[in-house]
Amino acid sequence: MKLGILTSFNKDWKLYAEACEKLGVEHEIVDFVGRDWLRNCLESGCDGFMVRPPNDFPERKAMVDERLTFLAKNVGRPVYPGVDELLFYENKRALVNWLDYYEIPHPKTVVLASYAEAMEFVASASYPFVSKRAIGSAASGVIVVKSPRQARRLVRQFFGWPIPGITRGKTYWSWYKKKWLLPDVGDEQKHYMIVQDFCDVRWEHRIIRIGDTFLGYRKVVGKHGFASGSGLAAWGEPPRRALDMVREITDRFGFRSMAIDIFETADGEYLVNEMQALFGSVERSLLNIDGKDGRYVWKDGDYRFEEGYWNVKRCYELRVQDFVRVLEGKADGR
Ligand SMILES: Nc1ncnc2c1ncn2[C@@H]1O[C@H](COP(=O)(O)OP(=O)(O)O)[C@@H](O)[C@H]1O
Ligand SMILES: [Mg+2]
């Protein structure tokens, strides 16, 4: 059994390698960025490949998606996480298809692909609504649109004006090394618009499932008015309803590594906001009940609490353990 660790534009693949070393799992680092990526994969003789795709520029993400899909579907090699969920990883535009088609409760979301349709939408929309960039984190691409005037300006930025289609797109700003607020040049939003109903969010629950491990906490709204990126968390028992939603979704589609962010609204609805196969995480507990770190394991119809610290190597250790079980054919029924 040998795992291939695919390199990417960020350095997170090293966490897979460190986890393998710690667990004593045979592995090889495979150059997935270079032009010989496919030959590298084939010649490595690995049984399966683990990846953390880039989350900076849409073109890089698309290139890695294309390569991974080819490797999994055409060449038939196991990839972890799976390519279905990697296609909507860091892609809110693609996620909408899943949430809509499979009727997963979520804030009503529409993807607009033309200037005319977008202008028509904003003329009859109820305000405020939310506009989102497909890729992004820490609320850097989320705009609460409060007026038709602001909305029309955005539409012109996204789709071009006065000559339709010719646009530099809208540039967002985000924090670099938590020190400097810089424009995300090269990551402009153009030629599409994602609009979503504004929700009265009471809590944002993040529930994680990797293999048979469940973790969860709440994101707390920060000074900038958003939960994502606030760096604030609250621990305690996650609601059973949120855990069940995540268990059902991951079971239904066979997702092995998934973090699902669920809005609990003021009127008691539970709505899926994001589903990410991989997620940013600092070294801290992701489940803590009454001062005790731990995880849940689903067994005999209940979530059993096991004390311990499970966010080892930012959850990459759990992923390596799970992929090994999958490749050994021991993951059935989890
Ligand atoms: N439809 C919405 N209604 C109200 N607030 C929202 C909505 N969508 C997002 N937010 C707020 O914006 C934050 C970031 O949005 P999210 O879609 O999670 O993007 P990111 O990828 O930046 O985490 C959320 O944590 C939440 O606080
Ligand atoms: Mg989020």
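The values are calculated or read from the model by the stated rules, or taken from the named source; none is laboratory data. Note that the structure is a prediction, hence the values are computed from the model and not measured. Here the Cβ is made from the backbone with ideal geometry for all residues, glycine too, and neighbour counts use every protein chain on show.
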How many residues, within segment 227-269, are of a type in the set (D, E, K, R), closer than 16 Å to ILE208 by Cβ and in contact with a helix residue (DSSP H, G or I) (Cβ under 9 Å, 6 or more places away or on another chain)?
1
Determine the pairs where a residue that is touching a residue at least 40 places away in the same chain (Cβ under 8 Å) and away from ligand 2 (no atom under 13 Å from the Cβ), located within segment 212-234, has a partner that is part of a strand (DSSP E or B) and of a type in the set (Gly, Ala, Ser) with Cβ atoms under 8 Å apart, the partner being 6 or more residues away or on another chain.
TYR217/ALA233; TYR217/ALA234
Are any residues in segment 83-139 within 25 Å of ARG241 (Cβ to Cβ), aliphatic (A, V, I, L, M) and at pLDDT 95 or above, and if so, which ones?
LEU95, VAL96, LEU99, ILE104, VAL130
When you look at ASP36, is it under 14 Å from LEU71 (Cα atoms) and acidic (Asp, Glu), yes or no?
yes
Test GLY186 against the criterion of being assigned to a loop (DSSP other than H, G, I, E, B), away from ligand 1 (no atom under 13 Å from the Cβ), within 21 Å of the chain's Cα centre (by Cα) and not aliphatic (A, V, I, L, M), and give yes or no.
yes
If the Cβ limit is 8 Å and pairs must be 6+ apart or interchain, which residue in segment 74-93 that is under 20 Å from ASP261 (Cα atoms) and touching a residue at least 40 places away in the same chain (Cβ under 8 Å) pairs with which residue that is of a type in the set (D, E, K, R) and not in a helix (DSSP H, G or I)?
PRO81/ARG256; GLY82/ARG256; LYS92/LYS132; LYS92/ARG133; LYS92/GLU274
Looking at SER257 and the list (1) within 16 Å of ligand 2 (Cβ to nearest atom); (2) of a type in the set (Ser, Thr, Tyr); (3) modelled with pLDDT of 95 or more, which single condition is not satisfied?
(1)
Assess whether ARG206 counts as being away from ligand 2 (no atom under 16 Å from the Cβ), of a type in the set (Lys, Arg), out of contact with any His (no Cβ under 8 Å at 6 or more places or on another chain) and in the same structural domain as TRP298 (by TED's automatic domain parsing).
no
Residues of segment 110-148 being hydroxyl-bearing (Ser, Thr, Tyr), under 29 Å from ILE163 (Cβ atoms) and more than 8 Å from ligand 1 (Cβ to nearest atom), which ones?
SER114, TYR115, SER124, TYR127, SER131, SER147
Can you tell me how many residues in segment 208-254 are within 14 Å of ligand 1 (Cβ to nearest atom) and either among the hydroxyl-bearing types (Ser, Thr, Tyr) or touching a strand residue (DSSP E or B) at 6+ places or on another chain (Cβ under 6 Å) (or both)?
9
Over segment 205-250, the set of residues assigned to a strand (DSSP E or B), crowded, with 20+ Cβ neighbours inside 10 Å and of a type outside the set (Phe, Trp, Tyr) is HIS205, ARG206, ILE207, ILE208, ARG209, ILE210, THR213, LEU215, GLY216, ARG218, LYS219
For segment 66-86: of the residues being in contact with a Phe, Trp or Tyr (Cβ under 9 Å, 6 or more places away or on another chain) and outside any loop (DSSP other than H, G, I, E, B), which is farthest from VAL320 (Cα to Cα)?
ARG67
Among (1) within 16 Å of ligand 1 (Cβ to nearest atom); (2) under 22 Å from the mean Cα position of the chain (by Cα), there is one condition LEU181 misses while meeting the rest; what is its number?
(2)
Within segment 30-65, take every residue that is acidic (Asp, Glu) and either more than 24 Å from the chain's Cα centre (by Cα) or not in a helix (DSSP H, G or I) (or both) and give me the one that is nearest to ASP322 (Cα to Cα).
ASP47
Only one residue in ASN273, ASN288 is crowded, with 17+ Cβ neighbours inside 10 Å, of a type in the set (S, T, N, Q) and more than 16 Å from ligand 2 (Cβ to nearest atom). Which one?
ASN288
All-but-one check, SER174 against (1) of a type in the set (Gly, Ala, Ser); (2) farther than 19 Å from GLY268 by Cβ; (3) assigned to a loop (DSSP other than H, G, I, E, B), failing number (3)
Assess whether GLY280 counts as being surrounded by fewer than 17 Cβ atoms within 10 Å (Cβ to Cβ) and within 11 Å of ligand 1 (Cβ to nearest atom).
yes
